[in-house]
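The values are calculated or read from the model by the stated rules, or taken from the named source; none is laboratory data. All values derive from a computational prediction rather than experimental measurement. Every residue, glycine among them, receives a Cβ derived from its backbone with ideal geometry; neighbour counts consider all protein chains shown.
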Amino acid sequence: MLINFLIKFEKKLSGLGAFLSSLFIISLILLILTEIFLRSFLNKSTMLADEYSGYFYLASVFLGLGYTFSQKGHIRINILTARVSKKIQNYFDIFAGTITLAVISFIFYRVILMTLDAYNFNILSEGVSETPIYLTQIPMIVGSFIFVISLFVFVIKRIKSDS
């Protein structure tokens with residue numbers, strides 16, 4: 001029961017991450033098109049396009065990690081696992097998934113600390129906008145969390161299928 005709940009929760013969460021990621025991609029495209037239009041026809045600039053296009057790109061990458069993983073979109077090197085039985089492949093997946101879960105959990109933890117530091121020290125961007133940096137780091141926290149949940153569900157599914 002709990003496993004089924006986790007699987008459904010992960011699917012909805014990663015879908016939400018993919019949706020938000022796509023919104024950031026669309027925003028990125030609109031921002032760049034706006035900048036091109038303003039520079040080409042009105043000889044003006046938003047003065048923010050360079051800075052915010054980086055923030056939007058970062059957000060889209062992090063928010064899409066969990067969905068991409070759950071859809072098997074990440075690159076997998078299967079030079080070893082292609083030559084072994086399904087059961088051994090499953091053990092490889094459990095091992096690799098657990099290691100990856102540990103690494104991404106550590107990244108999640110460090111991103112939280114980095115964002116808290118940016119908030120506590122009121123760090124602002126060096127661009128014209130002087131955007132509080134912690135605001136631009138929130139999608140990193142959310143995306144890392146979604147990725148951790150996706151990895152956890154992946155490992156649980158593999159363990160369940162092994163038993």
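Of all the criteria given as (1) over 22 Å from Ile133 (Cα atoms); (2) modelled with pLDDT under 95, the one not satisfied by Gly15 is (2).
Just one of the listed residues (Ser45, Ser40, Ser21) is in contact with a helix residue (DSSP H, G or I) (Cβ under 7 Å, 6 or more places away or on another chain) and free of Cβ contacts under 8 Å to residues at least 24 places away in the same chain, and it is Ser45. Among the residues making up the range 35-85, a single one is surrounded by 10 or more Cβ atoms within 10 Å (Cβ to Cβ), of a type in the set (Lys, Arg) and assigned to a helix (DSSP H, G or I): Arg39.
Quickly run through the range 1-34 and pick out the residues that are surrounded by fewer than 19 Cβ atoms within 10 Å (Cβ to Cβ) and among the charged types (D, E, K, R). Answer for the range 1-34, where residues must be surrounded by fewer than 19 Cβ atoms within 10 Å (Cβ to Cβ) and among the charged types (D, E, K, R): Lys8, Lys11, Lys12. Within the option set Ala118, Ala49, being under 23 Å from Ile133 (Cα atoms) and in contact with a strand residue (DSSP E or B) (Cβ under 9 Å, 6 or more places away or on another chain) holds for one residue only, Ala118.
Within the range 76-97, residues that are more than 16 Å from Ile159 (Cα to Cα) sit with their Cβ atoms under 6 Å from residues that are among the polar types (S, T, N, Q), at 6+ positions apart or across chains, in these pairs: Thr81/Gln89.
Residues in the range 55-80 that are at pLDDT below 85 and either touching an Asp or Glu at 6+ places or on another chain (Cβ under 7 Å) or closer than 25 Å to Lys11 by Cβ (or both): Ile75, Arg76, Asn78.
Among the residues making up the range 98-113, those that are in contact (Cβ under 8 Å) with a residue 24 or more places away in the chain and over 14 Å from Phe145 (Cβ atoms) are Thr98, Thr100. Per the conditions (1) farther than 28 Å from Ser22 by Cβ; (2) surrounded by 12 or more Cβ atoms within 10 Å (Cβ to Cβ), the sole criterion not satisfied by Ile133 is (1). Contact map, the range 63-75: residues that are in contact (Cβ under 8 Å) with a residue 60 or more places away in the chain and under 14 Å from Ile104 (Cβ atoms) paired with residues that are buried (at least 17 other Cβ atoms within 10 Å of the Cβ) and acidic (Asp, Glu), Cβ distance under 6 Å, separation 6+ or inter-chain. No pairs are found.
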